[in-house]
Amino acid sequence: MVKVMLWGSLKPAAEGKAEIHVEASNVKQMLDAIGKAHPGLAPVLERGVSVAIDGQMHRVAGYEPLREDSEVYIFPRLEGG
Amino acid sequence: MHQVHVSTKINGDEIEYLCETDETLLDVLRDKLGLTGAKEGCGSGDCGACSVMLDGRLVCSCLVLGAEAQDREVETIEGMADGENLHPLQSKFLEHAALQCGICTPGVLIATKALLEKNPDPTETEVRYWLAGNLCRCTGYDKIIRAVMDTAADMRGA
Amino acid sequence: MLDKPNKPEKQKFNVVGTSPLRPDGVDKVTGRARFGADMVAPGMLVGKILRSPHAHARIRSIDVSKAEALSGVKAVVTKDDFNADAEDQDVLYNIMAREKALYDGHAVAAVAAISQSVARRALALIEVDYEVLPHVTDVDEAMKPDAPVLHDHIFTEGVEPKPTKPSNIAQRYEFGHGDVEEGFSEADVIVERNFKTAATHQGYIEPHACLANIANDGSGELWCCTQGHYMVRNTCASLLGIDVSRLRVTASEIGGGFGGKTTVFIEPVAAALSRKAGRPVKVVMSRNEVFRASGPTSSTSSRIKIGAKKDGTITAAESELNYQGGAFAGAPADLGAMCSFACYVLKNVRTIGYDVVTNRPKQAAYRAPGAPMAAFSVESVVEELAGKIGMDPIEFRIKNAAREGEKSSYGPKFRQVGLVETLEEAKAHPHYSAPLGPNQGRGVSCGFWFNFGGQTSTSLSINIDGTVALAVGTPDIGGSRASMCLMAAEELGIGYEQVRAIIADTSSLGYNDVTDGSRVTFASGKATIMAARDSIGKLCERAAKMWDISPDAVVWEEGHAKPAGANAGEFEPLSLAEIAASAESTGGPIAGHHEVNASGAGTSFATHIVDSEVDPETGRVQVTRYTVIQDAGKAVHPAYVEGQFQGGAAQGIGWAINEEYIYGEDGRLQNAGFLDYRIPVASDLPMIDTKIVEVPNLGHPYGVRGVGETSIVPPLAAIANSVSAAAGVRLTELPMSPPRVLKAIDENK
């Protein structure tokens, strides 16, 4: 199972959970799975999020592969200067 | 609209133009004569990006009317290099990476050339105060000051 | 669970790491370089924009008939000339006011005329009927329940239960882990303080400028100064309701951006005017317009609480950060909250950010958006806490510093990072132990920025004489063309002078994300390296053809194709120039390409040391010595890396002691010019010493990290710490202008 960590403000939409475990082999599958499990998250996910996969930040990640034991953090979409 | 006829000398060339009475020398240079090396950063004499020489005096061309150039001599950045040979300041600015975006560079070069003609051996403080009218937002001035000091030393040695 | 080779692919370099002259240099010292306002087109008109004088007003009606009737006026546009269904409704509203004008300077109409003077007179003839509304420009005021509300569709997100009433708080963000209450209970010393920072402006010397030329069939061209011409193309197409393929955008030379040119302001307006007039239209902002109606930073208020044990271990840290981002949601409260404690490994941490709208221009990115303000407050408390424990502030930071493999304050584990290395360099630097004079103080601060990768497309053509034409799509704001040439030359094994880089227009190259997030040397560099490798593969194929051997039997070394070994056959190496010269007979043009959504950007840390002198009579602050130490991963062009360090520090000095958006009671900006909004001039600053630290980023073949943004993160706190030390009182509000410093000194007496 991939371990997905939500940023704090998303917890209420995920029934208070900061950590979710899903079966997924890429980021798209992971986002679909958590959106399905916690419909409250869907609007945020649709607006676009950045993810960190095993410590590596991706501003936009679609089909980035995940491993069975990957740790993924979800963040608001990053913007820079 | 009544326009004024002006005869002047720009970078050594006899030039004639018509301009409106409220038109600045900067607008004339850029819009009428195609000399776009002088830049408008503020239009109020605060940034120095439009610096040119008028009868040997450093001015902000945004604060001079086009009509005021009658019978005078204007020098702009376009007249700084001698054909394919860059002025020593121009070369040193490149060597010292003294520009990043380059928008302030023409004004800084004109102002610096004026300084070195007046004072070939300026201290760092003198360079900093002389250039206080030329804003640069990219470099923090460090490499500009170094380039100026280095050019001055070279030109004194030459 | 980190994949980690220990070293970057390449560690020995021929040209990378040298500082040759930039390819665009001569143009820039001779006045030949063409910036945004320098382009002309036959039949060109002058475009000017009418702006709201009110901070908040309902627009009852706009009558443009008199302006349209004026001789020489060729087009007048209002909101109705834009696509109401545009994808980004906030940008649509920001470039031209709709139901309401939301800030002093908000565009309400625009004209295109045959001259400046006709355009000016036409603007004066436009009649706008405003119903002036109550306004709010301060972040704390805007968050109060009885504040005038800007938008009736903003219901705070990120809070439970969901609000039933609209407010100015667009979003609440929260990050962190552990139990901060428990952490604070373990602390021997706790420092808690409130801070404020004023809004500042990027202050690029070149005002926004755009020449639009839209033909009668709706297709056209834009020439403009921007950090992202593909963004301009896509956004303008959406705002005008036309196909992306109809627009071709060329990025001019850009006279500074710093994040402020990552969105559109005048570009769609120029395009709409041109479409309506059927002629080219040039719009150039005045400096007044740049201040009032482009995208300054957020102003902020914050509360920071950090607890530590006597041995210097931080036990808990908490930040609450309020960012007002002007008239539309999107202030970088999330980034501020994520960055605030990123320099430290913390067991218990909670950071909260609020994104707040006010009657000010919509904020835009400014170098590490959101991070400097957060670092200001956090690093001020860190310095104070170190003092209370009696520990050297650098030792205190080293003890708690972010390290490889440790969990960051915002969550993920760090990969290879160089914070400790910058701190160790700082501790050993002669600056840190130099004696101070009277009324002088020394301050230190660390800073962090993520750095981005992103979408990138690069093309590299081998010319007939063996030189190389490199086309990248990321506007060069600080010398990046030189860095690209260095990386291409490195891969190809040829001289730097043999490669020339240009910024291609939107029709010549695939999509490229904006030049932002310190991504260009990393991402465009990576794409350049890969495009060079692609071309090397093709060069080897051509050599194989000429030698009649298998392409697998050819290797590329030192700018030559060579047989891979004795079995491959005996052939004299073929130079790039030799293969290029015979390209026509070996299969035609040779070029390499690479398209990628680059990942693997490496975060960057810095430590700054500052000495300031405070005049106790006037409160005036003079920075007397400044040292920047930053991790660049691998410095491709060290002189321009130093330039980024120095530029960020100088902007930080301005932010810390001078620069400030000042709004009057009437909600109007009172200092919209360089005389009253004073950015640092040459005589304000000392030399800015730099030290490049190189801890490779393994996400890049050479180890490169972005360097452009991190340099502005530490200065605010480093200077505040030095001023506080010099003045003998903690300064908590920026800018530390003479009246504020004097007040703090007087109150402390």
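The values are calculated or read from the model by the stated rules, or taken from the named source; none is laboratory data. Since the structure is predicted, the reported quantities are computational estimates derived from the model, not experimental observations. So basically every Cβ, Gly included, is an ideal-geometry build from the backbone, and we count neighbours across all protein chains shown.
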#### Entry: Residue among C:VAL46, C:VAL111, C:VAL29 that alone is within 19 Å of C:SER286 (Cβ to Cβ) and within 14 Å of chain B (Cβ to nearest Cβ)
C:VAL46
### Summary
Log entry, pairs with first residue in the stretch A:1-30 being more than 8 Å from every other protein chain (Cβ to nearest Cβ), second being aromatic (Phe, Trp, Tyr) and loosely packed, with under 14 Cβ neighbours inside 10 Å, beta carbons closer than 7 Å, six or more apart or on different chains, reads A:ASN26/A:TYR63; A:VAL27/A:TYR63; A:LYS28/A:TYR63
#### Entry: Out of C:GLY443, C:GLY405, sole residue that is assigned to a loop (DSSP other than H, G, I, E, B) and touching a strand residue (DSSP E or B) at 6+ places or on another chain (Cβ under 8 Å)
C:GLY405
### Any hit, the stretch C:686-696, residues being closer than 26 Å to C:SER299 by Cα, in contact (Cβ under 8 Å) with a residue 12 or more places away in the chain and more than 8 Å from chain B (Cβ to nearest Cβ)
no
### Message
Checking the conditions here, which among B:GLY37, B:GLY48, B:GLY56, B:GLY43 is at negative phi and at pLDDT 95 or above?
### Response
B:GLY37
### Task
Please indicate, with yes or no, whether at least one residue in the stretch C:285-294 is assigned to a loop (DSSP other than H, G, I, E, B), under 24 Å from the mean Cα position of the chain (by Cα) and either surrounded by fewer than 21 Cβ atoms within 10 Å (Cβ to Cβ) or away from chain A (no Cβ under 14 Å) (or both).
yes
### Message
I'd like the residue in the stretch C:347-362 that is assigned to a strand (DSSP E or B) and under 26 Å from C:ALA308 (Cβ atoms) and, out of all such residues, is nearest to the chain's Cα centre (by Cα).
### Response
C:GLY353
#### Entry: Lone unmet requirement of (1) within 30 Å of C:PRO638 (Cα to Cα); (2) away from chain B (no Cβ under 14 Å) for C:SER19
(2)
### Query
Can you list the strands (runs of 3 or more DSSP E) found entirely within chain A that contain at least 2 residues being more than 30 Å from C:ARG367 (Cβ to Cβ)?
A:2-5, A:19-22
### Query
Within the set of pairs 6+ apart or on separate chains, which have a first residue in the stretch C:411-440 that is more than 30 Å from C:GLU174 (Cα to Cα), a second that is hydrophobic (A, V, I, L, M, F, W, C) and assigned to a helix (DSSP H, G or I), and C-beta atoms under 7 Å apart?
C:ALA426/C:ILE394; C:LYS427/C:ILE394; C:TYR432/C:ALA426; C:ASN439/C:ALA726; C:GLN440/C:ALA726
### Query
Can you spot a residue in the stretch C:50-70 that is closer than 28 Å to C:GLU206 by Cβ, surrounded by fewer than 21 Cβ atoms within 10 Å (Cβ to Cβ) and within 14 Å of chain B (Cβ to nearest Cβ)?
no
### Task
Please go through the stretch C:659-696 and pick out each residue that is in contact with a helix residue (DSSP H, G or I) (Cβ under 8 Å, 6 or more places away or on another chain) and among the polar types (S, T, N, Q).
C:ASN671, C:SER683, C:THR690
#### Entry: Every residue from the stretch B:112-148 that is closer than 19 Å to B:MET80 by Cβ, under 13 Å from the mean Cα position of the chain (by Cα) and crowded, with 24+ Cβ neighbours inside 10 Å
B:THR112, B:LEU131, B:ASN134
#### Entry: Selection from the stretch C:613-645 of residues that are within 26 Å of the chain's Cα centre (by Cα) and assigned to a loop (DSSP other than H, G, I, E, B)
C:ALA632, C:GLY633, C:LYS634, C:ALA635, C:VAL636, C:HIS637
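Listed here are the residues, each with its yes/no results for (1) at positive phi; (2) at the interface with another protein chain (Cβ under 8 Å from one of its Cβ atoms); (3) assigned to a loop (DSSP other than H, G, I, E, B).
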| site | (1), (2), (3) |
| --- | --- |
| B:ILE103 | no, yes, yes |
| B:GLU117 | no, no, no |
| B:VAL127 | no, yes, no |
| B:ALA132 | no, yes, no |
| B:LEU135 | no, yes, yes |
| B:CYS138 | no, yes, yes |
| B:ILE145 | no, yes, no |
| B:MET155 | no, no, no |
### Message
Condition first: away from chain A (no Cβ under 14 Å), surrounded by fewer than 24 Cβ atoms within 10 Å (Cβ to Cβ) and touching a Gly at 6+ places or on another chain (Cβ under 7 Å). Can you find one or more residues in the stretch C:350-362 that meet it?
### Response
no
#### Entry: Leading residue by the ranking (farthest from the chain's Cα centre (by Cα)) among those in the stretch B:28-48 that are surrounded by 24 or more Cβ atoms within 10 Å (Cβ to Cβ) and more than 8 Å from chain C (Cβ to nearest Cβ)
B:VAL28
### Message
Quick test for you: out of A:ARG59, A:ARG77, A:ARG67, pick the one residue that is closer than 21 Å to C:SER408 by Cβ, within 8 Å of chain C (Cβ to nearest Cβ) and surrounded by fewer than 19 Cβ atoms within 10 Å (Cβ to Cβ).
### Response
A:ARG67
#### Entry: In the stretch C:691-721, the residues that are under 23 Å from C:LEU321 (Cα atoms) and of a type in the set (S, T, N, Q)
C:THR710, C:SER711, C:ASN721
### Task
Please tell me if A:ALA52 is without any contact (Cβ under 8 Å) to a residue 40 or more places away in the chain and more than 15 Å from C:TYR410 (Cβ to Cβ).
no
### Summary
Within the stretch C:251-266, of all residues that are β-branched (Val, Ile, Thr) and at the interface with another protein chain (Cβ under 8 Å from one of its Cβ atoms), the one farthest from C:ALA364 (Cα to Cα) is C:ILE254
## Note on the structure
Residue set C:ALA583, C:ALA591, C:ALA606, C:ALA650; condition buried (at least 24 other Cβ atoms within 10 Å of the Cβ) and away from chain B (no Cβ under 14 Å); output residue C:ALA606
### Query
For the stretch C:592-610, does any single residue satisfy the condition of being in a helix (DSSP H, G or I) and more than 30 Å from C:ALA718 (Cα to Cα)?
no
### Task
Give C:THR618, C:THR624, C:THR607, C:THR586 a once-over and let me know the one that is closer than 19 Å to C:GLU379 by Cα and modelled with pLDDT of 95 or more.
C:THR607
### Query
If we keep just the residues of the stretch C:409-441 that are among the basic types (Lys, Arg) and within 14 Å of chain A (Cβ to nearest Cβ), which is surrounded by the most Cβ atoms within 10 Å (Cβ to Cβ)?
C:ARG415
### Query
Is the stretch C:136-143 home to any residue that is out of contact with any Pro (no Cβ under 9 Å at 6 or more places or on another chain), of a type in the set (Val, Ile, Thr) and closer than 23 Å to C:THR297 by Cα?
yes
### Query
Only one of these conditions is not met by B:LEU94: (1) within 15 Å of B:ASP150 (Cβ to Cβ); (2) more than 11 Å from chain C (Cβ to nearest Cβ). Which number is it?
(2)
### Query
Would you pick out the residues in the stretch B:58-91 that are within 13 Å of chain C (Cβ to nearest Cβ) and part of a helix (DSSP H, G or I)?
B:SER61, B:CYS62, B:LEU63, B:GLY66, B:ILE77, B:GLU78, B:GLY79, B:PRO88, B:LEU89, B:GLN90, B:SER91
